[in-house]
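Only one structure is covered here, and it is reproduced in the block below.
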Amino acid sequence: MHRGALAVVDADGGLRLALGDIDRPIFPRSAVKLLQALPLVESGAAEQFGLGDAELALACASHIGEPVHVQTAAAMLARTGLDATVLECGSHWPYSEAAQRAMAVRDEAPGPLHNNCSGKHAGFVCLGCAMADAAGSDRRAFLTGYGKPGHPVMREVGAALQATTGWDLSKTVVATDGCSIPTCAIPLRHLALAFARVASGQGLRPGHAAAARRLRRAIAAAPQMVAGTGKLDTLLAQRLGERLLCKVGAEGVYCAALPELGLGLAVKMDDGNNARACEVVMATLAGSMLTLSADEAAFVQGFGDAPITNRNGLRVGRLAASDGLRAALVRS
């Protein structure tokens, strides 16, 4: 059994569904990458460097390091006249096994472009370069330490988080995320509110509202970029388009915007389990809340009630939402 909490909120802060403790601050990690990308679009940096759907989707991504992800992140940097040496996200092997194997055959070591956050960081670099140009500063020099809390780039990112969530980040716990930028503890209620605002534009200043619409469209148009082959965020975006924008975060966090309903949701599993717990809950919520065709409902249900097979191909169990969760969704 996997225990957690979830909140479904409208753009006015009205609570549509609450299960568990939704007012305890948690670290959303990568689930808020779209919120962190709002300044990239609002500032005009995305337009200045000619970023299209693929690049903007990658700026919101936790990608698996497939060649298209690596190449797109490199292309974003090239448009600023810089390269991967400017990235401060660190390096790790791609999460894609196929990409790992291909690199091993070439005797190639991973670099920062293979980091699942390289698209987000490339977006930060584009934002920082636009800010440097406006200040008449050298781009590379200006970007030094861009991931630190006091850097102008991170101040813009933090301001977007605070504006969308309505949570005072100056009074919350701040840690360092895996890619070396700050991660702020925010309650599920406020995370869901932010994504309701992303879904509807209500409660956002005009620049953020326009940026949210642009990023939603980009992810729907280039779903492969936001995660990768076989990943739930990509699969749901491919099938449902702009009707559902969902983003996973490390340690059992999921946030989503439902534009047709003007709602946002946020989930946290206490044990930090993603694939066997948080994804099941996310799929169950999507299947319950959205109006889907029979084929779409069956597709989504496949993730909310999935068989478990052993190494011999025998079905030995299933992953499914609890009766309690399903009953709560019916009541809501």
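The values are calculated or read from the model by the stated rules, or taken from the named source; none is laboratory data. Predicted, not measured: the structure shown is a model, and the values here were computed from it. Heads up, the Cβs are rebuilt from the backbone with ideal geometry, glycines too, and the neighbour counts pull from every protein chain shown.
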Does segment 64-78 contain any residue that is surrounded by 20 or more Cβ atoms within 10 Å (Cβ to Cβ), on the phi < 0 side of the Ramachandran plot and part of a loop (DSSP other than H, G, I, E, B)? yes
Failed item in (1) surrounded by fewer than 22 Cβ atoms within 10 Å (Cβ to Cβ); (2) assigned to a loop (DSSP other than H, G, I, E, B), with residue 132 passing the rest: (2)
I'm checking my understanding of the structure. Among residues of segment 110-121 that are of a type outside the set (S, T, N, Q) and in contact with a Phe, Trp or Tyr (Cβ under 9 Å, 6 or more places away or on another chain), which one is nearest to residue 224 (Cα to Cα)? 114
Residues located in segment 317-327, provided they are in contact with a strand residue (DSSP E or B) (Cβ under 9 Å, 6 or more places away or on another chain), surrounded by 10 or more Cβ atoms within 10 Å (Cβ to Cβ) and not basic (Lys, Arg): 317, 319, 320, 321, 325
Would you mind stating whether residue 266 is hydrophobic (A, V, I, L, M, F, W, C) and assigned to a helix (DSSP H, G or I)? no
Return only the number of the condition from (1) of a type in the set (D, E, K, R); (2) more than 22 Å from the chain's Cα centre (by Cα); (3) at pLDDT 95 or above that residue 323 does not satisfy. (3)
Determine, yes or no, whether residue 298 is farther than 16 Å from residue 17 by Cβ, at pLDDT 95 or above, out of contact with any Lys or Arg (no Cβ under 7 Å at 6 or more places or on another chain) and assigned to a helix (DSSP H, G or I). yes
Check segment 252-261 and report whether any residue there is closer than 21 Å to residue 30 by Cβ, modelled with pLDDT of 95 or more and of a type in the set (Phe, Trp, Tyr). yes
I'm checking my understanding of the structure. Among residues of segment 146-160 that are within 14 Å of residue 180 (Cα to Cα) and out of contact with any Phe, Trp or Tyr (no Cβ under 8 Å at 6 or more places or on another chain), which one is surrounded by the most Cβ atoms within 10 Å (Cβ to Cβ)? 151
List the number of the failed condition for residue 253; all other conditions in (1) under 22 Å from residue 327 (Cβ atoms); (2) in contact with a Lys or Arg (Cβ under 9 Å, 6 or more places away or on another chain); (3) among the hydrophobic types (A, V, I, L, M, F, W, C); (4) buried (at least 24 other Cβ atoms within 10 Å of the Cβ) hold. (1)
Total residues in segment 302-313, condition part of a helix (DSSP H, G or I) and either touching a residue at least 40 places away in the same chain (Cβ under 8 Å) or crowded, with 16+ Cβ neighbours inside 10 Å (or both): 2
Which residue pairs have Cβ atoms closer than 9 Å, lie 6 or more positions apart in sequence or on different chains, and pair a first residue in segment 279-292 that is touching a residue at least 12 places away in the same chain (Cβ under 8 Å) and under 18 Å from residue 248 (Cα atoms) with a second residue that is buried (at least 21 other Cβ atoms within 10 Å of the Cβ) and of a type in the set (Ser, Thr, Tyr)? 279/254; 281/254; 282/254; 285/254
Across segment 161-206, which residue is surrounded by the fewest Cβ atoms within 10 Å (Cβ to Cβ) among those that are within 20 Å of residue 21 (Cβ to Cβ), hydroxyl-bearing (Ser, Thr, Tyr) and under 18 Å from the mean Cα position of the chain (by Cα)? 183
Go over the candidates 316, 253, 280, 248 one by one and state the one that is more than 16 Å from the chain's Cα centre (by Cα) and under 17 Å from residue 231 (Cβ atoms). 280
Does residue 248 satisfy the condition of being in contact with a strand residue (DSSP E or B) (Cβ under 6 Å, 6 or more places away or on another chain) and among the hydrophobic types (A, V, I, L, M, F, W, C)? yes
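Kindly indicate whether residue 104 is part of a helix (DSSP H, G or I), exposed (fewer than 15 other Cβ atoms within 10 Å of the Cβ) and of a type outside the set (Phe, Trp, Tyr). Steps first, answer last, please.
Numbers: part of a helix (DSSP H, G or I): yes; exposed (fewer than 15 other Cβ atoms within 10 Å of the Cβ): yes; of a type outside the set (Phe, Trp, Tyr): yes.
The answer is yes for residue 104.
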Matching residues, segment 28-48, being crowded, with 21+ Cβ neighbours inside 10 Å and either more than 12 Å from the chain's Cα centre (by Cα) or under 19 Å from residue 80 (Cα atoms) (or both): 37, 38, 39, 40, 41, 42, 45, 46
